[in-house]
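The values are calculated or read from the model by the stated rules, or taken from the named source; none is laboratory data. No experiment lies behind these values; they were computed from the predicted model shown. Cβ coordinates were reconstructed from backbone atoms using ideal geometry, including for glycine residues, and neighbour counts include every protein chain displayed.
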Amino acid sequence: MVTRQVELTEEQNETLEEIAASKKRSVSELIRAGVDIVIKKGDSFLFGEVKSASRLSQKESELLLAINRGLPVEVAKRYRILVDRRRSGTLSPEEHQELLRLTDQAEQLQTERIEHLAELSRLRGKPLGALMEELGIRPSPNV
């Protein structure tokens, strides 16, 4: 494997870390997947699809950003640590309360995500399942 250094903005890096955490993947895996897409689609991806993406309405863009929002990276890391401790039976009472708070936060985010997906589905006149398939969204497994 070849190592290549890529410069990202802070926002790009933070977003990649959030997406990676939400998908339980590494940032490197996401970057490699993105490179694979560019290689497979070539110029049509770089020039053609970017143009179609810019045809999104302001509302669609806002909804897609909201749909892809995840827990902040540090919160997601802490949540996973607490879940692991719960599974291993080493969770303290204070950590249990923290886990309950973080679970509520994660569930609220998922509720909002579903609401945004439903709104985008109505806006595009597509069934929710078809929209989710088009966007590559699968229900997340229970933790």
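Structural remarks
- Applying the condition of being surrounded by 10 or more Cβ atoms within 10 Å (Cβ to Cβ) and β-branched (Val, Ile, Thr) to the stretch 1-37 and asking which residue is modelled with the lowest pLDDT yields Ile37.
- Any hit, the stretch 86-98, residues being closer than 20 Å to Pro72 by Cα, among the aliphatic types (A, V, I, L, M), more than 15 Å from the chain's Cα centre (by Cα) and not in a helix (DSSP H, G or I): no
- Of all residues in the stretch 88-117, those that are free of Cβ contacts under 8 Å to residues at least 24 places away in the same chain have Cβ atoms under 7 Å from Cβ atoms of residues that are charged (D, E, K, R), 6 or more apart or on another chain, in Leu91/Arg85; Glu95/Arg85; Leu99/Arg86.
- Single unsatisfied condition, Ala130 versus (1) surrounded by fewer than 13 Cβ atoms within 10 Å (Cβ to Cβ); (2) aliphatic (A, V, I, L, M); (3) modelled with pLDDT of 95 or more: (3)
- Residues (within 14 Å of the chain's Cα centre (by Cα) and among the small types (Gly, Ala, Ser)) located in the stretch 54-80: Ala66, Gly70, Ala76
- Some residue of the stretch 76-86 being hydroxyl-bearing (Ser, Thr, Tyr) and more than 17 Å from Glu115 (Cα to Cα): yes
- Filtered residues of the stretch 118-143 (kept if assigned to a helix (DSSP H, G or I) and either free of Cβ contacts under 8 Å to residues at least 24 places away in the same chain or aromatic (Phe, Trp, Tyr) (or both)): Ala118, Ser121, Arg122, Leu128, Gly129, Ala130, Leu131, Met132, Glu133, Glu134
- Residue in the stretch 60-79 that is part of a loop (DSSP other than H, G, I, E, B) and of a type in the set (A, V, I, L, M, F, W, C) present: yes
- Per the listing Lys59, Lys40, the residue uniquely at pLDDT below 70 and surrounded by fewer than 12 Cβ atoms within 10 Å (Cβ to Cβ) is Lys40.
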